[in-house]
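A short write-up of the structure that comes next.
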Amino acid sequence: MGQVIEVTVSPERVEETLTFVKNMRLAKEKHNVADKMFDRNNTSEGINIVGHLGEQAVGQALGFDVDTTVMIGGDDGSDMKANGSTIQVKTSQLKSLIFNASWLFKSDIAIQVQYVGKDKTKSEEDPRFIIWGYIDKATFKTNHYKKDYGYGERLVMDVSDLKPIEDLLVRA
């Protein structure tokens, strides 16, 4: 495993996230789009905020542009682009990259970000994250394992099995 990057998202980026999530939720409400987020210990809005702040952490640390386009039915599975690759940022409180299903890994690569602030329901108040590493789609699909966290089987890869984030930067 390579370098681990610890990031505190800047106040400007936090504000950008809060505006984005507000606009996204208003658009979903206006068009009666059902929310597919689930966490029995967080609100849907809280999940949206911590996820977008994870994207902001990657953008801030690695110099990648974060997509803030509001899409009615959600994005295409890509949160940003860099070095010719589409990137999905996956944020959780665990040291694991988790996908609910194989077909949901839609980008070329995924980056694992862990929220390490005090309260994931108010992540904007303590926006601290760790960027663990990345993996390409083909490697994830052949090397993941399955785990049930109490709400169905998920596809998982531990951070120790991810590629070092600095290798992603060298690909430029």
Filter on Lys95/Lys146; Lys106/Lys141; Lys118/Lys141; Lys22/Lys95; Lys90/Lys146; Lys95/Lys147 - keep pairs with C-alpha separation over 22 Å: Lys118/Lys141; Lys22/Lys95
Relative packing of 137-146, 86-95, which averages over residues the other C-beta atoms within 10 Å, highest first: 86-95, 137-146
Relative contact order (%) - criterion: Cα under 8 Å, at least six apart; region: the chain: 27
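Is the shape of the stretch 90-172 best called rounded, prolate or oblate, per the rule: a/c under 1.5 gives rounded, else a/b larger than b/c gives prolate, else oblate, with a ≥ b ≥ c the square roots of the Cα gyration tensor eigenvalues?
Since a/c reaches 1.5 but b/c is at least a/b, the shape of the stretch 90-172 is classed as oblate.
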Accessible surface of the chain [probe 1.4 Å, protein heavy atoms]: carbon and sulfur percent: 48
Listed candidates (i) 54; (ii) 58; (iii) 50 - label of the one calculated as percent of Cα pairs over 20 Å apart: (iii)
Listed residue (Gly150, Gln114, Ala138) projecting farthest to the positive dipole end of the stretch 56-168, Cβ model: Gly150
Antiparallel bridge percentage (DSSP; both residues within the stretch 46-172; nearest 5): 75
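The values are calculated or read from the model by the stated rules, or taken from the named source; none is laboratory data. Predicted model only: the values in this text are computed from it and were never measured. So basically every Cβ, Gly included, is an ideal-geometry build from the backbone, and we count neighbours across all protein chains shown. Only protein heavy atoms, including side chains, enter the accessible area calculation; ligands, DNA and RNA are left aside. Shrake-Rupley method; radii C 1.70, N 1.55, O 1.52, S 1.80 Å.
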